[in-house]
Structure formats: C-alpha cells, structure tokens
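> Can you keep this structure in mind? I'll have questions shortly.
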C-alpha cells in the first residue's frame with residue numbers, strides 16, 4: 001500500500017502524519033508503523049499520528065509510538081495535529097478535537113499552537129521524585145548538571161525498574177534555571193530513548209514544580225533540547241485546571257511511502 005504522508009515537528013519532537021478520514025490505514029499493522037518511524041529504513045519519527053473523522057468534534061487524533069503500539073496522549077503531537085488540520089483546511093484558528101484521553105481545545109496563529117490539556121487532580125510526591133498523569137504518566141526528578149545526565153541509561157533504569165513495573169512511565173529530569181524557567185530532558189516510553197521534547201512531559205514538570213514550591217508562577221517556561229515551550233495553568237480546589245501547552249508546530253515535508 002502506498003500512503004501520502006506528512007512530516008511535522010514541534011520543538012524537535014517529530015511525527016509522521018496520515019490523513020485517515022477515509023480509513024485507508026491499517027491500524028493493526030504494528031510492523032508498518034514501526035517501519036514508518038524508523039530513522040534508517042523508514043521516514044523517521046518519534047511516532048505516527050492519524051487524523052480521523054469524529055462524530056462530535058472537528059477530528060480525532062490516534063497516536064502510535066515508534067515501536068508500533070497505540071499509546072496515551074502526546075502533547076506535542078496534539079499541537080502538530082492542529083497545524084495539520086489547518087493545512088487540510090478542516091479548521092481555521094480554533095478547534096476542538098478528540099484524543100485517547102478525551103476532548104481537547106486548541107488555537108493556532110501562524111505556526112504557534114496553544115493546546116488545552118486535561119485537568120490534573122493528583123500529584124504524588126516522594127523523597128526522590130514526583131509522579132503525575134498529564135494524559136501520559138510522568139516521573140519528574142530534579143537534578144543538577146542536566147547536560148551531563150545519561151538520560152537514555154538512567155531513564156531506562158527507572159522506566160523498567162520496580163517503581164513502574166505495571167506499565168512503565170516517561171522519565172523527566174529537571175534543572176531549575178530561575179523562578180519561572182526550567183530545563184527538561186525526557187526519556188519516552190515507546191520510543192525507548194531521549195526525545196528532543198515531550199509535551200505531556202513539560203506539562204508535568206511545570207505542574208510538579210509549582211506543586212513542590214519551586215515556582216509560584218502560573219506560566220512556566222520550559223527549555224528542551226528541541227526548543228522552548230510554555231505551560232500556563234490555574235490552581236484549583238482539586239488540583240490544576242485550565243492547563244495550556246504552548247509552542248511552535250511546523251510541517252517539514254510531504255511525500256509518499258510504501259508499507
């Protein structure tokens with residue numbers, strides 16, 4: 001089967017997109033998905049995202065990790081699919097779409113996308129780290145000398161360790177720069193490596209750092225290997241709400257591929 005595909009990236013977190021409104025793609029073909037994401041033999045990406053029809057919103061987002069398995073919510077992927085939907089002329093500057101974790105609202109101006117994330121009511125704080133779910137599960141650990149951290153090695157140890165033997169977690173290493181800025185590096189499950197950026201990860205970091213008292217700001221800047229993102233939020237009686245992930249999302253190229 002030959003597919004028309006589009007490559008998008010959001011702060012270096014890159015994705016293969018396919019317009020699947022006509023159900024042309026076999027979602028059970030994990031081997032094909034892994035091939036498309038392979039950086040040597042395929043197109044190369046952190047994941048595959050399908051844009052599909054939805055009965056109640058503008059479109060539906062279906063996300064697969066690079067290993068070929070359908071995964072939980074991807075924040076940067078969510079921002080990129082908004083840019084893709086605008087390219088396809090499905091939306092203009094505002095949208096509501098469905099994803100695995102529920103309905104999301106978003107806006108896009110030029111290539112800058114603001115994506116509303118799900119509310120977070122539970123943040124677990126431990127001696128060495130924090131844990132919360134921002135659409136995907138995230139371990140957040142404060143460190144020094146972030147540039148020297150072996151993210152792939154240490155992240156893998158934690159991801160496959162006793163803490164997360166029930167399905168794994170994404171692992172975020174964080175260094176505080178100032179009151180409103182944090183540097184973040186993330187090991188992503190499914191990719192099983194460090195990615196240049198992780199949208200649900202920086203969202204988790206912003207909330208965790210506010211919860212821990214490392215910042216009092218309601219808008220936090222996150223510096224990732226792939227660029228700068230912002231997360232804004234409100235503190236509520238139950239936790240955090242009105243959470244928005246903000247940053248660029250751009251199309252890299254378009255092509256055809258056999259799979």
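> Working carefully through the options 33, 43, find the one that is within 21 Å of the chain's Cα centre (by Cα) and either touching a residue at least 60 places away in the same chain (Cβ under 8 Å) or part of a strand (DSSP E or B) (or both).
None of the others qualify; the one that does is 43.
> Right, next: Can you pull out every residue in segment 78-99 that is touching a residue at least 40 places away in the same chain (Cβ under 8 Å) and over 9 Å from residue 59 (Cα atoms)?
Once the filter is applied, which keeps residues that are touching a residue at least 40 places away in the same chain (Cβ under 8 Å) and over 9 Å from residue 59 (Cα atoms), segment 78-99 yields 78, 79, 80, 81, 82, 83, 84, 87, 88.
> Still on this model: What number of residues within segment 113-128 satisfy the criterion of being assigned to a loop (DSSP other than H, G, I, E, B) and either surrounded by fewer than 18 Cβ atoms within 10 Å (Cβ to Cβ) or out of contact with any strand residue (DSSP E or B) (no Cβ under 9 Å at 6 or more places or on another chain) (or both)?
The number of residues fulfilling the criteria is 6.
> Given segment 182-259, what strands (runs of 3 or more DSSP E) lie entirely inside it while holding 1 or more residues that are within 14 Å of the chain's Cα centre (by Cα)?
It comes to 193-195, 219-224, 227-235, 240-248.
> Continuing with the same structure: Tell me which residues, restricted to segment 205-221, are more than 14 Å from residue 175 (Cα to Cα) and buried (at least 23 other Cβ atoms within 10 Å of the Cβ).
Residue satisfying the conditions is 207 alone.
> So in segment 98-112, with the set limited to residues that are out of contact with any helix residue (DSSP H, G or I) (no Cβ under 7 Å at 6 or more places or on another chain) and assigned to a strand (DSSP E or B), which one is surrounded by the fewest Cβ atoms within 10 Å (Cβ to Cβ)?
Only one residue tops the list, namely 109.
> A further question on this structure: Search segment 46-71 for residues being assigned to a loop (DSSP other than H, G, I, E, B), in contact (Cβ under 8 Å) with a residue 60 or more places away in the chain and in contact with a helix residue (DSSP H, G or I) (Cβ under 8 Å, 6 or more places away or on another chain), and hand back the single one that is surrounded by the fewest Cβ atoms within 10 Å (Cβ to Cβ).
69
> Scan segment 222-237 for residues that are surrounded by fewer than 15 Cβ atoms within 10 Å (Cβ to Cβ) and farther than 25 Å from residue 127 by Cβ and jot them down.
Matches in segment 222-237: 234, 236, 237.
Taken together, the values in this text are just the output of simple stated rules run on the coordinates, not laboratory data. As the structure is a computational prediction, the values presented were derived from the model and not from experiment. We place every Cβ from the backbone using ideal geometry, glycine too, and count neighbours over all the protein chains shown.
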